[in-house]
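Every number in this text was worked out from the coordinates using simple rules, so none of it is lab data. Just so you know, these numbers come straight off a predicted model, no measurement behind them. Glycine also receives a Cβ, built like all others from the backbone with ideal geometry; neighbour counts cover every protein chain displayed.
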Amino acid sequence: MELTGRTAVVTGGASGIGKALAERFAMEAAQGVVVADIDEAGAVAVAGDVPGAAIGVGCDVTDEDAVNALIDRAEQEFGTVDIFCANAGVGIGAGLEATDEAWKQVMDVNLMSHVYAARRLVPDWLERGEGYFVSTASAAGMLSQIGDVTYTVSKHGAVAFAEWLAITYGDRGLRVSCLCPMGVDTPLVRRGLETEGPEGVGAKIVAAAGELLDPADVAKDVMAALRDERFFILPHPVVAEFYRRKGDDHDRWLAGMRRLQARVEQATR
């Protein structure tokens, strides 16, 4: 898929990967870009800085009515939504002590918001015979995230939901891509690096595992995947090798992850 003449909606668009996606889509001559974020002022600022037609919209993606209102606004402004990037995300660095409220927050942002968007958009896309759903998951959704169970489970869910969409509707015009990076130089990761204690462990592990990529480079990879209509988008290619090893010998992979867990626990005492 090319962006020329298309309308793209990006959630979590006020910073990080979402901001870079909005900027890239605008550079690719999209008909319109809708930048959505719970930080409405940030979304408006990003929209005002990109070339071409763009609007910023405040949206709490954990609220299905708000997601529907976002899509209504995009359609009112630009006629159609051709690409929806479910990019908003959150991580809290929690283990089994996470409360029910914390679980709900993370699952709602990282997974249910994808469901809300697809529930609204997919029927129209099937009627039109085309549409593109881009899920920002994480390498944690293919592998795991030491120190953060809520993030791990929610991102596994995001990958699984994207796979299900691709399997169920891929022969009816729906295209699906799933973005699964390791470390990206975003405000979320930076906050984790600056946080002491268990809450910051996940970000520190991610940063130590490989290069923190510039969000603009990630957006470039996303654009290439849209053109090729590839499912997995892996800005860190090593993730594919880790995923292969996990599939080849799951018990060995688990043993390796336990050793890494032990080293992390020792380093953080």
Fill in: Local electrostatic count, A219, Cβ distance below 11 Å [Lys/Arg +1, Asp/Glu -1]
-2
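With N set to the residue count of the chain, report its C-alpha Rg divided by 2.2 N^0.38 Å to two decimal places. Please report the intermediate quantities before stating the final value.
Numbers: Rg = 18.0 Å, N = 269, 2.2 N^0.38 = 18.4 Å.
It is 0.98.
Tally Lys/Arg at +1 and Asp/Glu at -1 over every other residue whose Cβ is under 13 Å from the Cβ of A47; what's the total?
In short, -4.
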Practice prompt. Please determine, in degrees from 0 to 90 and to the nearest 10, the orientation of helix 149-169 with respect to the longest principal axis defined by the Cα atoms of the chain, where the helix direction is its Cα long axis.
Written response: 40 degrees
Worksheet item: Counting Lys and Arg as +1 and Asp and Glu as -1, each charge on the Cβ, what is the dipole of region 7-267 about the Cα centre in debye, to the nearest 20?
Response: 860 debye
Item to complete: Determine, for region 7-267, the count of lysine pairs separated by eight or more sequence positions (or lying on different chains) whose alpha-carbon distance falls under 20 Å.
Response: 4
Worksheet entry | Choice from K19, K155, K104 showing the highest fluctuation, given a GNM over the chain with Cα pairs closer than 10 Å | K104
Item to complete: In a Gaussian network model over the chain where Cα atoms closer than 10 Å are linked, find which of M27, M107, M142 has the largest mean-square fluctuation.
Response: M27
Worksheet item: Against the longest principal axis of the chain, how steep is helix 40-49, in degrees 0 to 90 to the nearest 10, with axes from Cα atoms?
Response: 60 degrees
Discussion item. If you restrict to DSSP beta bridges whose two residues both lie in the chain, what percentage is antiparallel, to the nearest 5?
Written reply: 5 percent
